[in-house]
């Protein structure tokens, strides 16, 4: 089976050679259009694969965003715990100093 490059090459050769009647040129144009359609279909398939990859990256970014959000929540809890513990230690230090 011919690839679209072969069909396009043969079609353009038919058109450039001028060695045929008008129906040969029309056939060559038709084959060129078929080859162009095949190229566009191939490009469409590649674009769909790229779009799928980008969507996959988007899903990974969503997961990363959730993980960062969870980390920020845990960090906030830890921060409040450290503030609370520091306040207790400050009060204990003041009590010890003025006793």
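The values are calculated or read from the model by the stated rules, or taken from the named source; none is laboratory data. Note that the structure is predicted; figures quoted are calculated from it, not measured.
Considering the conditions (1) at pLDDT below 70; (2) in a helix (DSSP H, G or I), residue 90 is excluded by exactly one of them, (1).
Of the residues that make up the stretch 54-70, is at least one more than 24 Å from the chain's Cα centre (by Cα) and in a helix (DSSP H, G or I)? Full working, then the answer.
Our first condition is that a residue be more than 24 Å from the chain's Cα centre (by Cα); within the stretch 54-70, this holds for 70.
From what's left, in a helix (DSSP H, G or I): 70.
There is at least one residue in the stretch 54-70 that is more than 24 Å from the chain's Cα centre (by Cα) and in a helix (DSSP H, G or I).
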